[in-house]
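The values are calculated or read from the model by the stated rules, or taken from the named source; none is laboratory data. A quick note: this is a predicted structure, and the numbers were derived from the prediction, not measured. Using ideal geometry, Cβ is built from the backbone for each residue, glycine included, and neighbour counts are taken over all protein chains shown. Only protein heavy atoms, including side chains, enter the accessible area calculation; ligands, DNA and RNA are left aside. Shrake-Rupley method; radii C 1.70, N 1.55, O 1.52, S 1.80 Å.
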Amino acid sequence: MKIGTVEARQGTLSRGQLPLGEYPDGGAIASPLIVASGRKPGPVLWVQTCIHGNEVGGPVAVHRFLESLDLEALSGTIVFALQGNPLAFRELSRATPQDGQNLNRLFPGSAQGSLSEIIADRLIGTALETADAMLDLHSGGHFMITCHYALYHDDGSAAGRETARLVRGLGVPNLWNSLEEWLSGAAFAQFTKAGKPGLIVETGGGARVTEEDIERFVLAIEGMTRGLGMLPGAPVALDAYRYGTNAVDLTARRGGLYRSLVEAGDEVVRDQLVGEVIDIFGDVTEEVRCPLEHGWVGAIRRPWMPIYSGEEVIEIIETMPEPA
Ligand SMILES: [Zn+2]
């Protein structure tokens with residue numbers, strides 16, 4: 001199997017680069033790749049990290065996972081694309097610094113488009129050409145802190161249902177199945193549309209990576225490979241899951257310092273006070289309340305984060321009963 005500069009051979013671990021565009025000096029804008037080829041044949045899993053450049057726990061979790069990976073026991077191939085957006089990673093920014101675009105809203109991209117659209121086109125093109133399933137590792141980056149959730153797209157298709165099966169084996173307690181239009185440009189949604197399972201796992205953020213975040217990501221990679229039958233052992237099933245559907249992203253009208261009154265993962269109900277904006281003199285200038293009947297907090301703004309008018313302060317996911 002050939003991916004980017006990597007010529008993968010059965011039973012070996014290979015490193016290389018996936019070219020996604022060019023710098024002005026002609027150098028390659030490229031994602032580093034690690035390709036783990038099992039001794040036995042099987043599916044190809046694409047694991048993607050740092051598509052948002054300041055969500056940096058993914059590569060660390062990949063290193064940790066590889067420490068205990070036995071290529072003799074692996075059926076198939078795992079491709080680790082360690083920098084979904086190499087330009088954003090270099091600047092530790094969420095979006096591409098050169099054009100301000102959020103890569104994970106642009107898929108499938110365009111070879112004739114902007115810099116970010118060219119990167120999107122080459123990244124998803126290679127992933128879909130190469131892989132049977134996709135796992136995308138994310139966090140809240142510098143400014144937000146997310147709870148431990150998986151985001152996927154069960155549209156009732158075979159790929160959607162297969163994703164809904166796999167997602168229950170990743171050790172992730174919060175399962176957010178969204179068909180919202182704003183997610184149609186995300187990489188995982190492109191996989192589902194192409195008839196292949198794909199999903200995001202999120203944990204943490206707030207400009208740091210914790211040991212717990214790394215362990216959660218490793219568990220997700222292990223669960224995905226086991227769910228696909230690539231490694232022996234059962235997927236990581238939990239006793240109970242919490243389900244969610246559409247999300248609301250609330251923004252502040254006022255600038256100031258944001259005080260969150262809830263934690264990521266908390267249950268919230270309509271009109272509950274979830275946060276407030278405090279001005280530089282110490283006065284509360286705005287209250288933020290839950291607009292949904294019942295939901296759970298997907299992400300909060302980092303505590304006491306200075307915010308501008310119009311910036312996001314909390315993401316609430318609408319609670320959904322367990323699907324039949
Ligand atoms: Zn992200």
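Tabulated values for the structure
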{"quantity": "Two-site label geometry, M320 and R259: point separation in nm, points 7 Å out along Cα→Cβ", "calculated": "3.5"}
{"quantity": "Antiparallel DSSP beta bridges within the chain, as percent of all bridges there, nearest 5", "calculated": "70"}
{"quantity": "Those lysines that a straight Cα-Cα span of less than 20 Å connects to K40, excepting residues fewer than 8 apart in one chain", "calculated": "K2"}
{"quantity": "Rg to Rh, two decimals, where the range 246-320 supplies the alpha carbon set and Rh follows Kirkwood", "calculated": "0.96"}
{"quantity": "Fraction of accessible area attributable to carbon and sulfur, the chain (%, probe 1.4 Å)", "calculated": "50"}
{"quantity": "Amide proton proximity set for L170, modelled H, under 5 Å, gap of 5+", "calculated": "V236"}
{"quantity": "Accessible solvent surface per residue of the chain, calculated while the other protein chains remain in place, 1.4 angstrom probe, Å²", "calculated": "42"}
{"quantity": "Residue of T163, T130, T12 that the Gaussian network model of the chain assigns the largest fluctuation, springs spanning Cα pairs under 10 Å", "calculated": "T12"}
{"quantity": "Long-range tail of P(r) for the range 4-157 (Cα pairs > 24 Å, %)", "calculated": "34"}
{"quantity": "Karplus-derived HN-Hα couplings along the range 76-83 (A = 6.51, B = -1.76, C = 1.60, θ = phi - 60°), whole Hz, x at Gly and Pro", "calculated": "x, 9, 10, 9, 9, 9, 7, 9"}
{"quantity": "The chain, dipole about Cα centre (Lys/Arg Cβ +1, Asp/Glu Cβ -1), debye to the nearest 20", "calculated": "940"}
{"quantity": "q = 0.13 Å⁻¹: log10 I(q)/I(0) that the Debye formula gives for the range 23-98, counting C-alpha atoms only", "calculated": "-0.46"}
{"quantity": "Amide proton proximity set for G275, modelled H, under 5 Å, gap of 5+", "calculated": "L261, V288"}
{"quantity": "Scaled radius of gyration (Cα, divided by 2.2 N^0.38 Å) that the range 157-251 gives", "calculated": "1.13"}
{"quantity": "Per-residue ³J(HN,Hα) for the range 216-222, Karplus 6.51 cos²θ - 1.76 cosθ + 1.60, θ = phi - 60°, Hz, x for Gly and Pro", "calculated": "5, 5, 4, 4, 5, 5, 4"}
{"quantity": "S157-R64 pseudo-label distance in nm [points 7 Å out on the Cα-to-Cβ vector]", "calculated": "3.3"}
{"quantity": "Amide H within-cut-off set for R302, under 5 Å, with H built and near neighbours excluded", "calculated": "M144, I145"}
{"quantity": "Selected from G275, A247, G227, residue furthest toward positive end of dipole (the range 188-293; charges at beta carbon)", "calculated": "G227"}
{"quantity": "Separation of alpha-carbon centers, the range 92-151 and the range 15-54, rounded to whole Å", "calculated": "13"}
{"quantity": "Residue-by-residue Karplus 3J(HN,Hα) for the range 269-283, coefficients 6.51, -1.76, 1.60, Hz, glycine and proline x", "calculated": "10, 3, 6, 4, 6, 10, x, 8, 9, 10, 7, 5, 8, x, 8"}
{"quantity": "Scaled radius of gyration (Cα, divided by 2.2 N^0.38 Å) that the chain gives", "calculated": "0.99"}
